[in-house]
Amino acid sequence: MTIYNPRQQEVSKRISCQANKAKWTDWRWHIRHTVRDIESFETLTGIRFGPEERAGYERTLEKFPLSITPYYLSLIDTADYANDPVFRQAFPSVHELDIGPHDMADPLHEDEDSPAPGITHRYPDRVLFHVSNLCAMYCRHCTRKRKVGDEGHIPSRAQMEQGLAYIRSAPRVRDVLLSGGDPLMLPDETLDWLLWNLRKIEHVEVVRIGSRMPVVLPYRITDDLMSIIRKHHPVWLNTHFNHPREVTRSAREALAKLADAGIPLGNQSVLLAGVNDCPRIMRSLLHKLVRNRVRPYYLYQCDLSEGLTHFRTPVGKGIEIIESLVGHTSGFARPTYVIDAPGGGGKIPVTPNYVISWATNKVVLRNYEGVITTYAEPDCYTPTICDRDCASCDLQLKEQDAEEYAAVGIERLVSDWDDTQSLVPEGTARLDRRPGGDNAQEGSHDG
């Protein structure tokens, strides 16, 4: 674990005294010892809250529960906990009870777009499969605060089978996102069963897992888990780092295991006031991610879920952060800034405006430095008008893989798919003596 000051070192000692090294790296031990009340938090961190402050936190926990893994707790800078990004993401705030006029329990209408238990089907070719209501840690900014921690609604295999049945019945679905809660809270055996059943569905091309385990409990990324996922590729994983402080040694080791297992990694951050609403913080996070083979995927504007008002920034802050990245860091290190539209409208990209004007044959653009330039459009362009009459279209609608048949030279002789036995140079006296002369065929079988 990373130690930032003497007081935090004392906190780490208090936590680690509960476990030897073997237990500390056992993810199940962390789940069993998750901190779920104010008293345990105070005991382990040495932080003491006043009676009025404590009463406010207790009121918050009546509506939105507390759950912090010992690992994530150990990252809190207790000398400045009130401003610490780890503390702010993990510990309740009385402001969570400030329900604004625009706040909603289900702002993304996931429940309304659910045609089967556990399924949200919003986009034509992909579905979200809700397979767990539990997380190792309950993030204070979670958009699904209405569901997370509801132990009475942990999907059984029979309930998950209903979701699988829907996916089987929807041939347009090529992409399944396992979400929750956190899918990696499921036992290895259940994950293996679920991935095996998804892989048997012919039209499902890719499975994605959304998990914050690499951030809040990296020890969950075990060799056994990697062995299971390897059997069911292609499997992708998106995780959720919000601050550079979260990219610890243990987190880096977990990410390395995932990447080495052939799992493409992405990251989805949420823009949070008082946590990461700073261009320098965000750039540092993104650079740490790409160094660990994680591609920044989305930067989310904080949703309109109940209890998140104090985390929300103006959209202009997100635009400012993206503006600070374009031209100043690698393109693959920049996430797409999106607003997940209330009412189930889906993710809408929001970006700085680089198109200044547009004429008939010219586009006027500006770059990150403020340089204004033009791009000349073609004077002659015959558009391809799609009338769905593919038979008369000049474009090749060949969706199968190209055949690798164009080999030449020695490659033709060593290949298994070409029956050429010899290559004979043209223009030899022997070929000229044959009937037809230089019409002799290359690749003669004559020895």
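The values are calculated or read from the model by the stated rules, or taken from the named source; none is laboratory data. Please read these numbers as outputs of a predicted model, since none were measured by experiment. In this analysis, Cβ positions are derived from the backbone assuming ideal geometry, glycine residues included, and neighbour counts consider all displayed protein chains. Side chains included, ligands, DNA and RNA excluded: accessible areas come from the protein's heavy atoms. Shrake-Rupley method; radii C 1.70, N 1.55, O 1.52, S 1.80 Å.
The table that follows gives values for the structure above.
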quantity: Cβ pairs under 8 Å, 6+ apart, first in the stretch 359-377 and closer than 21 Å to Ile322 by Cβ and of a type in the set (Lys, Arg), second open to solvent by 60 Å² or more (accessible area, probe 1.4 Å) and outside any loop (DSSP other than H, G, I, E, B); calculated: Arg366/Ile356; Arg366/Ile372; Arg366/Thr373
quantity: Boolean, Gly409 is over 30 Å from Thr382 (Cα atoms) and modelled with pLDDT under 70; calculated: no
quantity: Members of the stretch 13-27 that are outside any loop (DSSP other than H, G, I, E, B), modelled with pLDDT of 60 or more, surrounded by 12 or more Cβ atoms within 10 Å (Cβ to Cβ) and not aliphatic (A, V, I, L, M); calculated: Arg14, Lys23, Trp24, Trp27
quantity: Looking only at the stretch 29-69, and only at residues there that are assigned to a loop (DSSP other than H, G, I, E, B) and within 14 Å of Met137 (Cβ to Cβ), the one that is most open to solvent (accessible area, probe 1.4 Å); calculated: Arg36
quantity: Residues of the stretch 267-286 classified as out of contact with any Phe, Trp or Tyr (no Cβ under 7 Å at 6 or more places or on another chain), crowded, with 21+ Cβ neighbours inside 10 Å and under 13 Å from Pro85 (Cβ atoms), total; calculated: 3
quantity: Residue ID - modelled with the lowest pLDDT, chosen from residues in the stretch 325-343 that are surrounded by fewer than 18 Cβ atoms within 10 Å (Cβ to Cβ) and either over 21 Å from the mean Cα position of the chain (by Cα) or assigned to a strand (DSSP E or B) (or both); calculated: Gly343
quantity: Some residue of the stretch 70-84 being more than 20 Å from Leu308 (Cβ to Cβ), open to solvent by 20 Å² or more (accessible area, probe 1.4 Å) and β-branched (Val, Ile, Thr); calculated: no
quantity: Only listed residue being buried (at least 19 other Cβ atoms within 10 Å of the Cβ) and either touching a residue at least 60 places away in the same chain (Cβ under 8 Å) or small (Gly, Ala, Ser) (or both), chosen from Ser179, Ser156, Ser169; calculated: Ser179
quantity: Residue match in the stretch 270-277 (condition: in a loop (DSSP other than H, G, I, E, B), touching a residue at least 12 places away in the same chain (Cβ under 8 Å), among the small types (Gly, Ala, Ser) and out of contact with any Pro (no Cβ under 9 Å at 6 or more places or on another chain)); calculated: yes
quantity: Of residues in the stretch 344-356 being part of a loop (DSSP other than H, G, I, E, B) and at pLDDT 90 or above, the one most open to solvent (accessible area, probe 1.4 Å); calculated: Asn353
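Quick grid of which residues meet (1) within 29 Å of Ile201 (Cα to Cα); (2) free of Cβ contacts under 8 Å to residues at least 24 places away in the same chain; (3) not β-branched (Val, Ile, Thr):
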{"residue": "Phe87", "(1), (2), (3)": "no, yes, yes"}
{"residue": "His109", "(1), (2), (3)": "yes, no, yes"}
{"residue": "Ala116", "(1), (2), (3)": "yes, no, yes"}
{"residue": "Lys145", "(1), (2), (3)": "no, no, yes"}
